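Accompanying notes for the structure given below.
The values are calculated or read from the model by the stated rules, or taken from the named source; none is laboratory data. Since we're looking at a predicted model, the values are computed, not measured. Backbone-built Cβ (ideal geometry, glycine too); neighbour counts: all protein chains shown. Note: areas computed on protein heavy atoms with side chains; ligands, DNA, RNA excluded. Shrake-Rupley method; radii C 1.70, N 1.55, O 1.52, S 1.80 Å.
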Amino acid sequence: MQVRTVATTPFTDQKPGTSGLRKRVPAFKQPHYLENFVQSIFDTIKAPAGATLVLGGDGRYYNREAIQVILKMAAANGFGRVLVGKGGILSTPAASCVIRKYQTHGGIILSASHNPGGPDGDFGIKYNGGNGGPATEGVTEAIFARSKALAEYRTLDVADVALDELGETALGQMTVQVIDPVADYAELMESLFDFDAIRSLLSGGFRIKFDAMHAVTGPYAREILVNRLGAPADSVMNAVPLPDFGNGHPDPNLTYAHELVEIVYGKDAPDFGAASDGDGDRNMILGRGFFVNPSDSLALIAANAKLAPGYRQGLAGIARSMPTSEAADRVAEALGIPCYETPTGWKFFGNLMDAGKVTLCGEESFGTGSDHVREKDGLWAVLFWLNILAARRQSVEAIVREHWAKYGRNFYSRHDYEGIPTDAANGVMKLLKDSFASLTGAQFGHLQVKLCDDFGYTDPVDGSVSTGQGVRILFVDGSRIVFRLSGTGTEGATLRIYLESYEPDVGKHHLDAQEALATLIGIALQVSELKQRIGRDKPTVIT
Ligand code: G16
(Lines give C-alpha, C1' and ligand atoms only; values in the text may rest on other atoms or scores of the structure.)
Protein backbone atom coordinates (compact mmCIF):
# COMPACT_ATOMS: atom_id res chain seq x y z
CA MET A 1 0.00 0.00 0.00
CA GLN A 2 1.32 3.34 -1.06
CA VAL A 3 2.06 6.10 1.46
CA ARG A 4 0.65 9.37 0.16
CA THR A 5 2.47 12.56 1.07
CA VAL A 6 0.12 15.52 1.14
CA ALA A 7 1.36 19.08 0.78
CA THR A 8 -0.10 21.41 3.42
CA THR A 9 0.35 24.87 4.88
CA PRO A 10 0.70 25.51 8.62
CA PHE A 11 -2.06 26.78 10.90
CA THR A 12 -0.93 29.34 13.42
CA ASP A 13 -3.39 28.45 16.18
CA GLN A 14 -2.47 24.89 17.12
CA LYS A 15 -1.06 25.73 20.54
CA PRO A 16 -2.12 23.13 23.12
CA GLY A 17 -3.78 24.60 26.23
CA THR A 18 -4.04 23.21 29.77
CA SER A 19 -4.82 19.79 28.32
CA GLY A 20 -4.18 19.37 24.60
CA LEU A 21 -5.59 21.21 21.60
CA ARG A 22 -9.27 22.12 22.03
CA LYS A 23 -11.29 23.89 19.35
CA ARG A 24 -14.79 23.99 17.98
CA VAL A 25 -15.68 21.08 15.67
CA PRO A 26 -15.84 23.35 12.57
CA ALA A 27 -12.22 24.37 13.22
CA PHE A 28 -11.14 20.72 13.32
CA LYS A 29 -13.12 20.02 10.14
CA GLN A 30 -11.15 22.54 8.08
CA PRO A 31 -9.19 20.71 5.38
CA HIS A 32 -5.85 19.44 6.78
CA TYR A 33 -6.44 20.86 10.28
CA LEU A 34 -6.55 17.56 12.16
CA GLU A 35 -3.94 15.98 9.88
CA ASN A 36 -1.49 18.85 10.45
CA PHE A 37 -1.72 18.52 14.20
CA VAL A 38 -1.38 14.72 14.13
CA GLN A 39 1.67 14.95 11.87
CA SER A 40 3.15 17.53 14.25
CA ILE A 41 2.70 15.05 17.09
CA PHE A 42 4.30 12.22 15.12
CA ASP A 43 7.21 14.39 13.97
CA THR A 44 7.81 15.50 17.56
CA ILE A 45 7.61 12.17 19.37
CA LYS A 46 9.77 10.33 16.80
CA ALA A 47 8.46 6.85 17.61
CA PRO A 48 10.76 4.03 16.48
CA ALA A 49 9.54 2.08 13.45
CA GLY A 50 7.03 -0.60 14.46
CA ALA A 51 6.08 1.11 17.75
CA THR A 52 2.66 0.63 19.35
CA LEU A 53 0.23 3.49 19.96
CA VAL A 54 -3.04 3.64 21.96
CA LEU A 55 -5.98 5.49 20.43
CA GLY A 56 -9.47 6.32 21.69
CA GLY A 57 -11.75 9.09 22.76
CA ASP A 58 -14.81 10.08 24.72
CA GLY A 59 -17.26 9.28 21.91
CA ARG A 60 -18.13 12.87 21.15
CA TYR A 61 -19.11 14.11 17.70
CA TYR A 62 -16.22 13.67 15.20
CA ASN A 63 -14.55 10.99 17.37
CA ARG A 64 -15.04 8.19 14.83
CA GLU A 65 -13.98 10.26 11.81
CA ALA A 66 -10.86 11.49 13.58
CA ILE A 67 -9.91 7.94 14.59
CA GLN A 68 -9.98 6.81 10.95
CA VAL A 69 -7.76 9.73 9.94
CA ILE A 70 -5.28 9.01 12.73
CA LEU A 71 -5.14 5.26 12.04
CA LYS A 72 -4.22 5.84 8.40
CA MET A 73 -1.64 8.44 9.34
CA ALA A 74 -0.16 6.17 12.04
CA ALA A 75 0.26 3.42 9.44
CA ALA A 76 1.90 5.86 7.01
CA ASN A 77 4.23 7.10 9.74
CA GLY A 78 5.64 3.68 10.54
CA PHE A 79 3.72 2.54 13.62
CA GLY A 80 3.47 -1.26 13.89
CA ARG A 81 0.30 -1.54 15.97
CA VAL A 82 -2.48 0.66 17.28
CA LEU A 83 -4.65 -0.44 20.21
CA VAL A 84 -8.00 1.27 19.69
CA GLY A 85 -11.00 1.07 22.00
CA LYS A 86 -14.08 -0.66 20.55
CA GLY A 87 -16.33 1.90 18.91
CA GLY A 88 -13.45 4.38 19.24
CA ILE A 89 -14.16 4.63 22.97
CA LEU A 90 -11.53 4.95 25.71
CA SER A 91 -11.94 7.11 28.78
CA THR A 92 -8.90 9.25 29.53
CA PRO A 93 -7.90 7.23 32.63
CA ALA A 94 -8.53 3.95 30.77
CA ALA A 95 -6.26 5.14 27.94
CA SER A 96 -3.58 5.92 30.52
CA CYS A 97 -4.06 2.45 32.04
CA VAL A 98 -3.73 0.72 28.64
CA ILE A 99 -0.61 2.72 27.70
CA ARG A 100 1.07 1.68 30.94
CA LYS A 101 -0.07 -1.94 30.94
CA TYR A 102 1.07 -2.65 27.37
CA GLN A 103 4.05 -0.28 27.58
CA THR A 104 3.18 1.46 24.33
CA HIS A 105 4.84 4.49 22.80
CA GLY A 106 2.10 6.62 24.36
CA GLY A 107 -1.33 7.29 22.98
CA ILE A 108 -3.61 9.83 21.38
CA ILE A 109 -6.77 10.76 23.27
CA LEU A 110 -9.64 12.52 21.55
CA SER A 111 -11.65 14.64 23.94
CA ALA A 112 -12.57 18.15 24.91
CA SER A 113 -13.28 16.81 28.39
CA HIS A 114 -16.16 18.60 30.10
CA ASN A 115 -16.86 20.94 27.16
CA PRO A 116 -20.13 20.33 25.23
CA GLY A 117 -20.02 18.27 22.03
CA GLY A 118 -21.97 18.11 18.76
CA PRO A 119 -21.51 19.64 15.30
CA ASP A 120 -21.06 23.09 16.85
CA GLY A 121 -19.58 21.84 20.09
CA ASP A 122 -15.97 21.25 21.03
CA PHE A 123 -13.44 18.66 19.99
CA GLY A 124 -9.96 18.02 21.28
CA ILE A 125 -6.84 15.95 20.85
CA LYS A 126 -3.85 15.32 23.06
CA TYR A 127 -0.80 13.09 23.17
CA ASN A 128 0.07 11.12 26.29
CA GLY A 129 3.57 9.74 26.70
CA GLY A 130 4.80 6.26 27.52
CA ASN A 131 4.18 6.81 31.25
CA GLY A 132 0.47 7.22 30.41
CA GLY A 133 0.44 10.89 31.35
CA PRO A 134 -0.24 14.09 29.42
CA ALA A 135 2.75 15.30 27.44
CA THR A 136 4.91 17.69 29.43
CA GLU A 137 5.06 21.38 28.54
CA GLY A 138 8.35 20.82 26.71
CA VAL A 139 6.68 18.30 24.40
CA THR A 140 3.51 20.34 23.81
CA GLU A 141 5.63 23.37 22.97
CA ALA A 142 7.67 21.31 20.51
CA ILE A 143 4.43 20.06 18.88
CA PHE A 144 3.24 23.66 18.54
CA ALA A 145 6.57 24.76 17.06
CA ARG A 146 6.41 21.91 14.56
CA SER A 147 2.82 22.78 13.60
CA LYS A 148 3.94 26.26 12.58
CA ALA A 149 6.48 24.92 10.13
CA LEU A 150 4.70 21.89 8.72
CA ALA A 151 4.77 21.51 4.93
CA GLU A 152 3.41 17.97 4.45
CA TYR A 153 1.80 15.02 6.16
CA ARG A 154 1.68 11.31 5.40
CA THR A 155 -1.34 9.06 5.07
CA LEU A 156 -2.54 5.87 3.38
CA ASP A 157 -5.33 5.69 0.83
CA VAL A 158 -7.26 2.77 2.30
CA ALA A 159 -10.81 1.99 3.38
CA ASP A 160 -11.96 2.77 6.91
CA VAL A 161 -11.29 0.17 9.60
CA ALA A 162 -14.24 -1.56 11.34
CA LEU A 163 -14.19 -0.37 14.95
CA ASP A 164 -17.18 -2.20 16.41
CA GLU A 165 -15.83 -5.74 16.66
CA LEU A 166 -12.94 -6.88 18.84
CA GLY A 167 -10.05 -8.23 16.80
CA GLU A 168 -7.21 -7.33 14.45
CA THR A 169 -7.15 -5.74 10.98
CA ALA A 170 -4.12 -5.06 8.79
CA LEU A 171 -3.65 -1.51 7.61
CA GLY A 172 -0.61 -1.55 5.31
CA GLN A 173 2.24 -2.82 7.49
CA MET A 174 0.39 -1.86 10.67
CA THR A 175 -2.05 -3.91 12.77
CA VAL A 176 -5.13 -2.25 14.20
CA GLN A 177 -6.22 -4.10 17.32
CA VAL A 178 -9.72 -3.24 18.55
CA ILE A 179 -9.74 -3.80 22.32
CA ASP A 180 -12.41 -3.89 25.02
CA PRO A 181 -12.19 -0.35 26.43
CA VAL A 182 -13.36 -1.39 29.89
CA ALA A 183 -11.65 -4.72 30.75
CA ASP A 184 -8.09 -3.59 31.62
CA TYR A 185 -9.36 -0.61 33.59
CA ALA A 186 -11.93 -2.63 35.55
CA GLU A 187 -9.25 -5.17 36.45
CA LEU A 188 -6.99 -2.38 37.72
CA MET A 189 -9.79 -0.96 39.89
CA GLU A 190 -10.44 -4.40 41.35
CA SER A 191 -6.79 -4.64 42.36
CA LEU A 192 -6.91 -1.33 44.28
CA PHE A 193 -10.17 -1.43 46.21
CA ASP A 194 -11.98 -3.80 48.55
CA PHE A 195 -14.72 -4.94 46.18
CA ASP A 196 -16.07 -7.44 48.75
CA ALA A 197 -16.60 -4.71 51.32
CA ILE A 198 -18.25 -2.41 48.76
CA ARG A 199 -20.47 -5.27 47.55
CA SER A 200 -21.59 -5.89 51.10
CA LEU A 201 -22.29 -2.16 51.64
CA LEU A 202 -24.42 -2.03 48.51
CA SER A 203 -26.31 -5.21 49.30
CA GLY A 204 -27.15 -3.86 52.76
CA GLY A 205 -29.44 -1.11 51.46
CA PHE A 206 -26.88 1.66 50.87
CA ARG A 207 -28.15 3.37 47.73
CA ILE A 208 -25.99 5.11 45.14
CA LYS A 209 -26.63 7.15 42.01
CA PHE A 210 -23.92 7.69 39.43
CA ASP A 211 -24.51 10.15 36.59
CA ALA A 212 -22.43 9.37 33.49
CA MET A 213 -23.88 12.51 31.86
CA HIS A 214 -24.29 10.66 28.50
CA ALA A 215 -20.52 10.64 28.30
CA VAL A 216 -17.78 8.04 28.29
CA THR A 217 -18.10 6.57 31.80
CA GLY A 218 -21.48 4.88 31.18
CA PRO A 219 -20.03 1.53 30.04
CA TYR A 220 -17.34 1.64 32.74
CA ALA A 221 -19.83 2.41 35.52
CA ARG A 222 -22.21 -0.33 34.36
CA GLU A 223 -19.47 -2.93 34.31
CA ILE A 224 -17.92 -1.94 37.63
CA LEU A 225 -20.78 -0.65 39.77
CA VAL A 226 -23.58 -2.86 38.47
CA ASN A 227 -22.00 -6.05 37.08
CA ARG A 228 -19.07 -6.40 39.47
CA LEU A 229 -20.32 -4.66 42.61
CA GLY A 230 -23.99 -5.59 42.42
CA ALA A 231 -25.56 -2.12 42.50
CA PRO A 232 -29.09 -2.08 41.01
CA ALA A 233 -29.10 -1.19 37.29
CA ASP A 234 -30.84 2.13 37.91
CA SER A 235 -27.90 3.24 40.08
CA VAL A 236 -26.25 4.43 36.86
CA MET A 237 -28.07 7.17 34.96
CA ASN A 238 -27.44 8.67 31.52
CA ALA A 239 -25.22 5.66 30.85
CA VAL A 240 -25.19 5.59 27.05
CA PRO A 241 -22.41 7.75 25.54
CA LEU A 242 -23.94 10.11 22.96
CA PRO A 243 -22.03 12.24 20.42
CA ASP A 244 -23.68 15.41 21.75
CA PHE A 245 -23.97 14.21 25.38
CA GLY A 246 -27.75 14.47 25.03
CA ASN A 247 -27.34 18.18 24.42
CA GLY A 248 -25.82 18.51 27.85
CA HIS A 249 -22.67 20.01 29.27
CA PRO A 250 -20.79 17.02 30.71
CA ASP A 251 -19.13 18.89 33.53
CA PRO A 252 -19.73 17.30 36.92
CA ASN A 253 -20.44 20.30 39.10
CA LEU A 254 -23.47 21.69 40.91
CA THR A 255 -24.54 23.74 37.89
CA TYR A 256 -24.22 21.31 35.00
CA ALA A 257 -24.98 18.03 36.82
CA HIS A 258 -28.27 19.49 38.05
CA GLU A 259 -30.29 16.35 37.25
CA LEU A 260 -28.22 14.38 39.76
CA VAL A 261 -28.10 17.27 42.21
CA GLU A 262 -31.91 17.42 42.28
CA ILE A 263 -32.08 13.69 43.05
CA VAL A 264 -29.48 13.85 45.80
CA TYR A 265 -31.06 16.92 47.40
CA GLY A 266 -34.63 15.66 46.81
CA LYS A 267 -37.09 13.39 48.60
CA ASP A 268 -36.01 9.79 49.23
CA ALA A 269 -32.50 10.70 48.17
CA PRO A 270 -29.80 8.03 47.78
CA ASP A 271 -26.97 7.85 50.32
CA PHE A 272 -24.29 8.66 47.80
CA GLY A 273 -24.21 10.49 44.48
CA ALA A 274 -21.42 10.97 41.97
CA ALA A 275 -20.88 12.17 38.43
CA SER A 276 -18.08 12.14 35.92
CA ASP A 277 -17.32 14.25 32.88
CA GLY A 278 -17.02 13.85 29.10
CA ASP A 279 -13.84 11.76 29.15
CA GLY A 280 -14.16 10.23 32.61
CA ASP A 281 -11.32 11.91 34.43
CA ARG A 282 -13.30 14.33 36.62
CA ASN A 283 -15.56 13.48 39.52
CA MET A 284 -18.11 15.12 41.77
CA ILE A 285 -18.94 13.47 45.09
CA LEU A 286 -22.21 14.06 46.93
CA GLY A 287 -23.78 12.67 50.07
CA ARG A 288 -27.51 12.84 50.77
CA GLY A 289 -28.19 16.58 50.49
CA PHE A 290 -24.46 17.28 50.84
CA PHE A 291 -21.76 18.47 48.44
CA VAL A 292 -18.14 17.45 48.94
CA ASN A 293 -15.79 20.14 47.75
CA PRO A 294 -13.12 18.57 45.47
CA SER A 295 -10.31 20.02 47.60
CA ASP A 296 -11.85 18.42 50.70
CA SER A 297 -12.30 15.19 48.78
CA LEU A 298 -8.55 15.02 48.10
CA ALA A 299 -7.76 15.69 51.77
CA LEU A 300 -10.27 13.11 52.91
CA ILE A 301 -9.05 10.41 50.57
CA ALA A 302 -5.52 11.10 51.80
CA ALA A 303 -6.54 10.87 55.45
CA ASN A 304 -8.41 7.58 54.86
CA ALA A 305 -6.16 6.08 52.20
CA LYS A 306 -5.09 3.10 54.28
CA LEU A 307 -8.65 1.78 54.24
CA ALA A 308 -8.18 0.80 50.58
CA PRO A 309 -6.06 -2.31 49.92
CA GLY A 310 -4.05 -0.65 47.14
CA TYR A 311 -2.92 2.12 49.51
CA ARG A 312 -2.48 0.15 52.75
CA GLN A 313 1.27 0.72 52.69
CA GLY A 314 0.70 4.50 53.02
CA LEU A 315 1.35 7.48 50.79
CA ALA A 316 4.72 8.74 49.58
CA GLY A 317 3.40 12.27 49.27
CA ILE A 318 0.54 14.39 47.99
CA ALA A 319 0.47 16.99 45.22
CA ARG A 320 -2.18 19.59 44.56
CA SER A 321 -2.47 22.38 42.02
CA MET A 322 -1.81 25.86 43.38
CA PRO A 323 -5.45 27.04 43.32
CA THR A 324 -6.61 23.88 45.15
CA SER A 325 -7.29 24.49 48.83
CA GLU A 326 -4.69 23.74 51.45
CA ALA A 327 -6.87 21.11 53.15
CA ALA A 328 -4.61 18.36 51.79
CA ASP A 329 -1.52 20.12 53.17
CA ARG A 330 -2.90 19.69 56.69
CA VAL A 331 -3.35 15.96 56.19
CA ALA A 332 0.14 15.65 54.70
CA GLU A 333 1.57 17.44 57.69
CA ALA A 334 -0.24 15.12 60.09
CA LEU A 335 0.96 12.09 58.14
CA GLY A 336 4.52 13.44 58.03
CA ILE A 337 4.70 13.31 54.23
CA PRO A 338 5.51 16.06 51.70
CA CYS A 339 2.83 18.08 49.91
CA TYR A 340 3.77 19.66 46.56
CA GLU A 341 2.09 22.72 45.05
CA THR A 342 2.10 22.68 41.24
CA PRO A 343 0.56 24.83 38.48
CA THR A 344 -2.90 23.89 37.19
CA GLY A 345 -2.77 20.95 34.80
CA TRP A 346 -2.39 17.25 35.42
CA LYS A 347 0.76 17.22 33.31
CA PHE A 348 2.63 18.81 36.22
CA PHE A 349 2.02 15.75 38.44
CA GLY A 350 3.63 13.25 36.07
CA ASN A 351 7.25 13.77 37.05
CA LEU A 352 6.43 13.68 40.77
CA MET A 353 4.60 10.38 40.38
CA ASP A 354 7.25 8.87 38.09
CA ALA A 355 9.92 9.78 40.64
CA GLY A 356 7.92 8.14 43.45
CA LYS A 357 7.59 11.44 45.31
CA VAL A 358 3.79 11.43 45.46
CA THR A 359 1.02 8.84 45.49
CA LEU A 360 -2.08 11.06 45.47
CA CYS A 361 -2.78 14.15 43.39
CA GLY A 362 -5.77 16.42 43.18
CA GLU A 363 -7.17 19.62 41.81
CA GLU A 364 -10.03 21.89 42.72
CA SER A 365 -11.37 21.38 39.18
CA PHE A 366 -13.01 18.10 40.22
CA GLY A 367 -9.91 16.02 39.55
CA THR A 368 -8.45 13.40 41.85
CA GLY A 369 -6.12 10.54 41.10
CA SER A 370 -3.11 8.51 42.10
CA ASP A 371 -0.05 6.85 40.67
CA HIS A 372 -2.14 3.85 39.49
CA VAL A 373 -2.31 5.76 36.16
CA ARG A 374 -1.01 9.18 35.08
CA GLU A 375 -4.35 10.94 34.63
CA LYS A 376 -6.99 12.04 37.05
CA ASP A 377 -9.61 9.37 37.36
CA GLY A 378 -13.33 9.92 37.98
CA LEU A 379 -14.48 6.37 38.70
CA TRP A 380 -11.38 5.68 40.77
CA ALA A 381 -12.41 8.55 43.08
CA VAL A 382 -15.96 7.18 43.27
CA LEU A 383 -14.63 3.72 44.19
CA PHE A 384 -12.26 5.22 46.77
CA TRP A 385 -15.19 6.95 48.42
CA LEU A 386 -17.29 3.77 48.34
CA ASN A 387 -14.37 1.88 49.88
CA ILE A 388 -14.12 4.45 52.68
CA LEU A 389 -17.88 4.40 53.22
CA ALA A 390 -17.88 0.59 53.28
CA ALA A 391 -15.14 0.59 55.92
CA ARG A 392 -16.48 3.40 58.08
CA ARG A 393 -20.22 2.82 57.78
CA GLN A 394 -21.02 6.50 58.35
CA SER A 395 -22.77 8.98 56.07
CA VAL A 396 -20.76 11.11 53.64
CA GLU A 397 -21.68 14.22 55.62
CA ALA A 398 -20.64 12.70 58.96
CA ILE A 399 -17.26 11.68 57.54
CA VAL A 400 -16.61 15.17 56.14
CA ARG A 401 -17.69 16.92 59.35
CA GLU A 402 -15.46 14.66 61.45
CA HIS A 403 -12.59 15.51 59.12
CA TRP A 404 -13.19 19.25 59.56
CA ALA A 405 -13.42 18.83 63.34
CA LYS A 406 -10.01 17.18 63.35
CA TYR A 407 -8.14 19.31 60.80
CA GLY A 408 -10.18 22.54 60.69
CA ARG A 409 -12.20 23.59 57.64
CA ASN A 410 -10.72 25.28 54.59
CA PHE A 411 -13.67 27.24 53.30
CA TYR A 412 -13.29 27.24 49.55
CA SER A 413 -15.06 28.38 46.42
CA ARG A 414 -14.36 29.10 42.77
CA HIS A 415 -16.20 31.77 40.81
CA ASP A 416 -16.04 31.42 37.02
CA TYR A 417 -16.81 34.21 34.58
CA GLU A 418 -17.16 32.31 31.30
CA GLY A 419 -17.08 33.62 27.73
CA ILE A 420 -15.85 37.13 28.50
CA PRO A 421 -13.98 39.24 25.92
CA THR A 422 -10.31 38.22 25.85
CA ASP A 423 -9.09 41.83 25.96
CA ALA A 424 -11.12 42.60 29.06
CA ALA A 425 -9.88 39.43 30.76
CA ASN A 426 -6.27 40.27 29.92
CA GLY A 427 -6.92 43.80 31.21
CA VAL A 428 -8.03 42.46 34.58
CA MET A 429 -4.94 40.28 34.87
CA LYS A 430 -2.66 43.18 33.92
CA LEU A 431 -4.32 45.49 36.43
CA LEU A 432 -3.75 42.93 39.17
CA LYS A 433 -0.10 42.43 38.25
CA ASP A 434 0.42 46.19 38.12
CA SER A 435 -1.09 46.46 41.61
CA PHE A 436 1.29 44.08 43.41
CA ALA A 437 3.29 46.90 45.02
CA SER A 438 0.28 48.87 46.26
CA LEU A 439 -1.58 45.76 47.41
CA THR A 440 1.27 44.35 49.47
CA GLY A 441 0.65 45.29 53.10
CA ALA A 442 -2.78 46.79 52.31
CA GLN A 443 -5.46 46.37 54.95
CA PHE A 444 -9.02 45.30 54.08
CA GLY A 445 -11.02 45.29 57.32
CA HIS A 446 -9.42 42.64 59.52
CA LEU A 447 -7.47 41.16 56.60
CA GLN A 448 -4.00 42.32 55.64
CA VAL A 449 -2.23 41.38 52.40
CA LYS A 450 1.04 39.60 53.10
CA LEU A 451 2.25 38.91 49.56
CA CYS A 452 1.16 39.11 45.92
CA ASP A 453 2.79 37.30 43.05
CA ASP A 454 2.31 35.57 39.73
CA PHE A 455 2.82 31.91 40.59
CA GLY A 456 5.89 30.19 39.17
CA TYR A 457 7.01 26.59 39.59
CA THR A 458 10.30 24.81 39.29
CA ASP A 459 9.80 21.10 38.74
CA PRO A 460 11.80 19.37 41.50
CA VAL A 461 12.55 16.41 39.22
CA ASP A 462 13.74 17.91 35.93
CA GLY A 463 14.27 21.54 36.97
CA SER A 464 11.96 22.93 34.26
CA VAL A 465 10.44 26.30 35.09
CA SER A 466 6.83 27.38 34.43
CA THR A 467 5.94 31.01 35.04
CA GLY A 468 2.76 33.10 34.83
CA GLN A 469 0.57 30.42 36.40
CA GLY A 470 -1.90 32.64 38.25
CA VAL A 471 -2.02 35.78 40.38
CA ARG A 472 -2.02 35.09 44.11
CA ILE A 473 -3.04 37.50 46.83
CA LEU A 474 -2.01 35.93 50.11
CA PHE A 475 -3.21 37.34 53.43
CA VAL A 476 -1.47 37.31 56.79
CA ASP A 477 -4.09 34.96 58.32
CA GLY A 478 -3.54 32.38 55.54
CA SER A 479 -6.58 33.35 53.42
CA ARG A 480 -5.98 33.45 49.67
CA ILE A 481 -7.47 34.90 46.52
CA VAL A 482 -6.20 33.53 43.20
CA PHE A 483 -7.00 34.86 39.73
CA ARG A 484 -6.35 32.72 36.64
CA LEU A 485 -7.43 32.57 33.05
CA SER A 486 -8.66 29.13 32.04
CA GLY A 487 -6.60 27.24 29.49
CA THR A 488 -9.36 24.88 28.37
CA GLY A 489 -12.08 27.13 26.92
CA THR A 490 -12.68 27.61 23.21
CA GLU A 491 -14.61 30.88 23.14
CA GLY A 492 -13.44 34.22 24.53
CA ALA A 493 -11.82 33.94 27.93
CA THR A 494 -12.87 32.40 31.22
CA LEU A 495 -11.68 34.15 34.34
CA ARG A 496 -11.51 31.99 37.44
CA ILE A 497 -11.41 33.47 40.94
CA TYR A 498 -10.44 31.03 43.67
CA LEU A 499 -11.21 31.94 47.28
CA GLU A 500 -10.02 30.26 50.44
CA SER A 501 -9.98 30.89 54.18
CA TYR A 502 -9.17 28.59 57.07
CA GLU A 503 -11.51 28.12 60.03
CA PRO A 504 -10.33 26.05 62.99
CA ASP A 505 -13.45 26.77 65.09
CA VAL A 506 -15.82 23.82 64.76
CA GLY A 507 -18.68 26.10 65.87
CA LYS A 508 -18.39 27.88 62.53
CA HIS A 509 -18.06 24.86 60.26
CA HIS A 510 -21.78 24.78 59.53
CA LEU A 511 -21.56 28.10 57.66
CA ASP A 512 -22.25 28.18 53.95
CA ALA A 513 -18.98 28.66 52.02
CA GLN A 514 -20.26 31.76 50.19
CA GLU A 515 -21.22 33.30 53.52
CA ALA A 516 -17.90 32.47 55.13
CA LEU A 517 -16.01 33.85 52.11
CA ALA A 518 -18.12 36.99 51.64
CA THR A 519 -15.37 39.40 52.73
CA LEU A 520 -12.81 37.80 50.40
CA ILE A 521 -15.32 37.85 47.52
CA GLY A 522 -15.81 41.58 48.08
CA ILE A 523 -12.05 42.20 48.08
CA ALA A 524 -11.63 40.16 44.87
CA LEU A 525 -14.27 42.19 43.06
CA GLN A 526 -12.83 45.46 44.33
CA VAL A 527 -9.16 44.90 43.44
CA SER A 528 -9.95 43.44 40.00
CA GLU A 529 -12.48 46.16 39.08
CA LEU A 530 -14.40 43.25 37.64
CA LYS A 531 -17.85 44.77 37.31
CA GLN A 532 -16.57 47.91 35.59
CA ARG A 533 -14.25 46.01 33.27
CA ILE A 534 -16.37 43.08 32.16
CA GLY A 535 -19.86 44.33 32.85
CA ARG A 536 -21.00 41.25 34.77
CA ASP A 537 -22.27 41.31 38.29
CA LYS A 538 -22.49 37.55 38.81
CA PRO A 539 -20.27 34.59 37.98
CA THR A 540 -21.46 32.05 35.40
CA VAL A 541 -20.67 29.12 37.67
CA ILE A 542 -19.96 28.95 41.39
CA THR A 543 -18.48 25.80 42.85
C1 G16 B 1 -7.90 20.06 32.47
C2 G16 B 1 -6.61 19.68 33.12
C3 G16 B 1 -6.70 19.91 34.60
C4 G16 B 1 -7.11 21.34 34.89
C5 G16 B 1 -8.42 21.64 34.18
C6 G16 B 1 -8.88 23.08 34.32
O7 G16 B 1 -8.91 19.20 32.90
O8 G16 B 1 -6.30 18.33 32.89
O9 G16 B 1 -5.48 19.61 35.15
O10 G16 B 1 -7.27 21.53 36.25
O11 G16 B 1 -8.25 21.38 32.81
O12 G16 B 1 -8.07 23.89 33.59
P13 G16 B 1 -8.42 25.40 33.31
O14 G16 B 1 -8.64 26.02 34.67
O15 G16 B 1 -7.20 25.91 32.63
O16 G16 B 1 -9.68 25.47 32.50
P17 G16 B 1 -9.83 18.47 31.85
O18 G16 B 1 -10.76 17.65 32.68
O19 G16 B 1 -10.50 19.57 31.09
O20 G16 B 1 -8.90 17.66 31.01
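Rolling a 1.4 angstrom probe over the protein heavy atoms with all chains in place gives the chain an accessible area of 37 Å² per residue.
Each Lys and Arg contributes +1 and each Asp and Glu -1, all at the Cβ; summed about the Cα centre of the range 185-407, the dipole is approximately 640 debye. Could you please state how large a percent of the accessible area of the range 384-498 is carbon and sulfur, counting protein chains only and using a 1.4 Å probe? Here carbon and sulfur together make up 50 percent of the probe-accessible area. Evaluating 6.51 cos²θ - 1.76 cosθ + 1.60 at θ = phi - 60° for every residue in the range 131-139, the Karplus couplings come out as 7, x, x, x, 3, 5, 4, x, 5 Hz, glycine and proline recorded as x. The residues neighbouring T440, those whose beta-carbon lies less than 15 Å from its own, together hold a net charge of +1 under the Lys/Arg +1, Asp/Glu -1 convention.
With 29 Å as the limit on Cα-Cα distance, the pairs of K347/K406; K306/K357; K46/K148; K29/K86; K126/K148 that go past it are K347/K406. Apolar share of the accessible surface for the range 216-301: 51 percent from carbon plus sulfur atoms, 1.4 Å probe. About its Cα centre, the chain has a charge dipole of approximately 420 debye under the convention of +1 per Lys or Arg Cβ and -1 per Asp or Glu Cβ, with nothing else charged. At Q394 and L451, where each label point lies 7 Å from the Cα along Cα→Cβ, what is the point-to-point distance in nanometres? Output for this residue pair reads 3.4 nm. Near the amide H of G289, within less than 5 Å, lie the amide hydrogens of Y265, all on another chain or at least 5 residues away, with H placed in the peptide plane. For A231, the amide hydrogen comes within under 5 Å of the amide hydrogens of V226, counting only partners 5 or more places away or on other chains and with H modelled in the peptide plane. Of the solvent-accessible surface of the range 42-168, computed with a 1.4 Å probe and all protein chains present, 50% belongs to carbon and sulfur. Phi angles across the range 7-21 convert, under the Karplus curve 6.51 cos²θ - 1.76 cosθ + 1.60 with θ = phi - 60°, into 3J(HN,Hα) values of 6, 9, 10, x, 9, 9, 10, 9, 8, x, x, 4, 8, x, 8 Hz, Gly and Pro given as x. Which percentage, to the nearest 5, of the DSSP beta bridges contained in the chain is antiparallel? Here the antiparallel bridges make up roughly 70 percent for the chain.
Using a cutoff of 8 angstrom between alpha carbon atoms and counting only pairs six or more residues apart, the relative contact order for the range 1-89 works out to 31 percent. Mind checking the angle between helix 33-45 and the chain's longest principal axis? C-alpha axes, 0 to 90 degrees, to the nearest 10. Between helix and principal axis, roughly 90 degrees. Entry note: the range 409-542 has Rg to Rh equal to 0.98, where both radii use alpha-carbon atoms and Rh is the Kirkwood radius.
Considering only C-alpha atoms, what is the centroid distance from the range 30-54 to the range 394-430, in Å? Cα centroid of the range 30-54 versus Cα centroid of the range 394-430: 38 Å apart. Put simply, the amide H of I179, placed in the peptide plane, has neighbours under 5 Å in V84, G85, K86, leaving out anything fewer than 5 places away on its chain.
Which residue, G489, A239, V292, has the largest displacement toward the positive end of the dipole of the chain when charges sit on each Cβ (Lys, Arg +1; Asp, Glu -1)? Working it through, the farthest residue towards the positive pole turns out to be G489. Think of it as helices only: each DSSP H run of n ≥ 4 in the chain is worth -39500 (n - 2.57), and spread over all residues that comes to -9000 deg cm²/dmol at 222 nm. The charge dipole of the range 409-542, taken about the Cα centre with unit charges on the Cβ atoms of Lys, Arg (+1) and Asp, Glu (-1), comes to about 220 debye, rounded to the nearest 20. Note that the range 346-353 has calculated 3J(HN,Hα) couplings of 4, 4, 6, 8, x, 4, 5, 6 Hz, one per residue in order, obtained from phi through the Karplus relation 6.51 cos²θ - 1.76 cosθ + 1.60 (θ = phi - 60°); glycine and proline are x.
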